[in-house]
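Novice: If you scroll down you'll find the structure; I have some questions about it.
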Amino acid sequence: MATAIGLAGQVDWDVPEQTGLWKDAWVRFRRNRLAVAGLVVIVLMIVLALGARLPTAPGGLWRILHLTNEPFLQDVTNSYATPSLQHPLGTDILGRDQLSRILYGASISLTIGIVVQFLILGIGGSIGMAAGYFGGWIDNLLMRFTDIMYAFPDLLLVLVFVAAFGPSFWSIFIALGLVYWVGLARLVRGQVLSIKEKEYVEAAIMTGTSPLKLIVKHLVPNSLGPVIVTLTFGIPAAIFTEAALSFLGIGIRPPEPSWGVMIEDGYAGIFADPRQVIFPGIAVALTMLSFTFVGDGLRDALDPRMRR
Amino acid sequence: MSVTAGAPFRRGAPSFLSWIPTGRGTTLTIYIVKRLLWMIPVLFFVIVITFVLMHLAPGSPWDREGRQLSPQVVENLNIKYGLDKPLWQQFVIYVWGVIHFDFGDSLRQPGQHVSDLILVSWPYTFTLGAVTFILLVPIGIGLGVIAALRQNSLVDYTALGLATAAASTPNFVVGIFLIIIFALGMNKLTGGTFYFPTGGMPSPFNPFQVELIMPVITLGALPTAYIARLTRSSTLDTLRQDFVRTAWAKGLKARLVVVRHVLKNSLIPVVTALGPTFAFLITGSFITETLFSIPGIGRTFVSSIAARDYTVILGTTILFALLIALVNLVVDVLYVFIDPRVRLTE
């Protein structure tokens, strides 16, 4: 884009390098410092969460290495302990170590946040793809169906689903998938409709490309950018919903320490010890913030209009 | 060359209906009627889905903590409320009732009509939501526009940073932090003489009560941040357009460029977003109401789900769905007036 005259006086022509979409996107993503910071936090969180769950003994690897305590071990004589070397974030009303519980909670939040996106991609992606690709009455039917789903407030529908499946990790998981696919289906449909009009797709159809190959080779790769961005922004939304449901007492149930459960417990004893809410609250906010930054970064990196 | 009062619409806006050709007015009426009719199947399916899910849920309204009701009592209760009938029959009876605006009696609060329960709790939620919405729109749009006009300045970074932080902090965390700082902290600091009350909302209709301050911030932080971010990016987009450059080039005053050329265009996506924002204010209030013990409809809904109070669940769900459908309709119709390029073709 710009031409710069180097110190030696020779003109340094900025020749556009031949780069693929993903390499190009990665270069632009790296330029966004906040997004990179978010990515670092997320990777760190994932490592911490994995260590808290693997191997499956309470406390996982971190317990084995004596870095944290067991998340379920109660010690009622030591309730609401102030942070110390033994309990870096203090203990809760039952004397359970807060740090190990927060790390355990991270595994729940991250699993729900990230894995649900695949379910959403499966449901929303295929419905949107079918509606956009086939058009006609299939499109009409599917889109009217998404209209109906749209009439429900998200959280309300999740609440009803979770109530129907009973409070557990899996019911939240399925409920989130069954509710949040709508936005993605609309997006994919729009993408497919606009790509279908492109010349290269017409050319592919005229040269006798099979529908499957058309979808796999043209429609999917070309609509991938916005889909990835939407799914990334879906992660903090899913994390929020799980925490909110658990906070309302409808989601994950104690003693499983999800962040929402910890905040609910802490809120009940807020006058005794506000720390009980502050730490899990910061954990939720930090995770959601990191994913938002990464989403922002991805959006700018994958948007072809931003390419220089 | 002066900006008329109704600049966002068209010049001479007070009689803004008169510029619509008669043909278009008819199209609009037909469009609205169509959309209203379309709500009927939507609401029907909302009832179907909620009804099925509710009855799929394990447990019944007669479950009690501790000592259970005797089987005979449960049987009698089932007969009294028609829960002994086959599911499809219950469904038909319920829908027939809804058509006649009869939402049945609460199963857990004997003798209370669902509509009465809703009428009692609705004003709390409405006041909370309305106050939040009225504050949210100017603050969100204002922050967004200022940030965009001063792109990459300190103001921009501060506004954007605040908005991003608020957009990714769950509202119950915001609420709890507010309680810790302004109720617990201030209570301690001032020795109990001055602090914000944490709970309740003594008068449902009064928008000026100190009890509302923290709930409104809790409920409004996220949507305000969302609107601010949206306004900022949309205004930035518009600022880069050719017609804005032309407006600057022909020497228009900054205020005119901004108000007439930039805002008029950049606020279009913001208006669309206000519909879902309103929906968020209703659903978001579940948490805010629980947090601040406000006896609004969100709490009624959450507790009715926990209690398997079938009729209350259905009644509130229908109300929410209806409100959202109506708000979306209003937004879509407003859209026609704000953006003359939009034609009603559906």
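Since every read-out is calculated from the coordinates, none of them should be taken as a lab result. Keep in mind the model is a prediction, meaning the values are calculated, not measured. Here Cβ is always computed from backbone atoms with ideal geometry, including for glycine, and neighbour counts include all displayed protein chains.
Novice: Using DSSP to define loop residues, name the chymotrypsin sites (Phe, Trp or Tyr not before Pro) in segment B:31-112 whose beta-carbon has at most 14 other beta-carbon atoms within 10 Å.
Specialist: Listed in order of number, the matching sites are B:F101.
Novice: Helix hunt in chain A: which complete DSSP H runs extend at least 18 Å axially by C-alpha with mean Kyte-Doolittle at least 1.6?
Specialist: A:33-53
Novice: Obtain the nm distance between the two label points defined at A:A57 and A:F72 by a simple spin-label model: each point lies 7 Å from its Cα along the Cα-to-C-beta direction.
Specialist: Rounded to a tenth, the inter-label distance reads 1.5 nm.
Novice: Now, a different point. Could you tell me the number of lysine pairs in the protein assembly as shown with C-alpha atoms less than 30 Å from each other, where the two lysines are 8 or more residues apart or belong to different chains?
Specialist: 12
Novice: Which FRET efficiency value, to the nearest 0.05, do you get for B:T246 and B:L334 by plugging their Cβ-Cβ distance into 1/(1 + (r/R0)^6) with R0 = 30 Å?
Specialist: With a Förster radius of 30 Å, E is 0.60.
Novice: Quick check for you: which residues of segment A:183-203 have the amide N under 19 Å from the point 7 Å beyond the Cα of A:W137 toward its beta carbon?
Specialist: none
Novice: State which helices in chain B qualify, where a helix is a whole DSSP H run, it must extend 30 Å or more along its own axis by its Cα atoms, and its mean Kyte-Doolittle hydropathy must be at least 0.0.
Specialist: For chain B, where a helix must reach 30 Å along its axis and average at least 0.0, the hits are B:22-56, B:114-149, B:213-239, B:268-291, B:310-338.
Novice: Does segment B:120-307 classify as rounded, prolate or oblate by the C-alpha gyration tensor (a ≥ b ≥ c root eigenvalues; a/c under 1.5 gives rounded; else a/b over b/c gives prolate, otherwise oblate)?
Specialist: The shape class here is prolate.
Novice: For A:E197, B:E75, what's the fewest-to-most ordering of other Cβ within 10 Å of each Cβ?
Specialist: Listing A:E197, B:E75 from fewest to most nearby Cβ atoms yields A:E197, B:E75.
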